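Undergrad: Questions regarding the structure given below will be posed in turn.
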Amino acid sequence: MDGLSGLLSAAIAIFLLVALARIFTAPLRLILTLAVNTVSGLIALWLVNLFAPVTGLYIGLNVVNGLIVGVFGLPGLVLLVLLKWVL
């Protein structure tokens, strides 16, 4: 009975580890995706500002603009450029 009890304990432990891994994987993936998109958005904003002397459009590099471009991607960058152009 001792071997069966140990095997059952190991199976339950493995099941719990797999369940915990699945629970924490989705939020971490979302946070990582948001972080990567935010950094790429800041790089895109930097490129827009690099050509600011030619185009006359300067958009500030800050966390809010980075999150807008990070969450919405290219449409977010276009939105910021249009807002700056109109306002």
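Undergrad: Is segment 12-30 home to any residue that is modelled with pLDDT under 85, surrounded by 13 or more Cβ atoms within 10 Å (Cβ to Cβ), part of a helix (DSSP H, G or I) and small (G, A, S)?
TA: No, segment 12-30 has no match at all.
Undergrad: Would you check which residues across segment 72-87 are over 8 Å from G41 (Cα atoms) and surrounded by 14 or more Cβ atoms within 10 Å (Cβ to Cβ) and list them?
TA: Those that are over 8 Å from G41 (Cα atoms) and surrounded by 14 or more Cβ atoms within 10 Å (Cβ to Cβ): F72, G76, L80, V81, K84.
Undergrad: Among (1) of a type outside the set (K, R); (2) touching a residue at least 24 places away in the same chain (Cβ under 8 Å); (3) more than 26 Å from L83 (Cα to Cα), which single condition is T25 missing?
TA: In the conditions (1) of a type outside the set (K, R); (2) touching a residue at least 24 places away in the same chain (Cβ under 8 Å); (3) more than 26 Å from L83 (Cα to Cα), T25 misses (2) alone.
Undergrad: Let me confirm something: among G41, G6, which residue is assigned to a helix (DSSP H, G or I), among the small types (G, A, S) and within 12 Å of the chain's Cα centre (by Cα)?
TA: Among G41, G6, only G41 is assigned to a helix (DSSP H, G or I), among the small types (G, A, S) and within 12 Å of the chain's Cα centre (by Cα).
Undergrad: Can you tell me which residue within segment 54-71, out of those that are in a helix (DSSP H, G or I) and of a type outside the set (A, V, I, L, M, F, W, C), is farthest from A44 (Cα to Cα)?
TA: It comes out as T55.
The values are calculated or read from the model by the stated rules, or taken from the named source; none is laboratory data. Being a predicted model, the structure only gives us computed values, none of them experimental. All Cβ positions, even for glycine, are placed from backbone atoms using ideal geometry, and neighbour counts span all protein chains on display.
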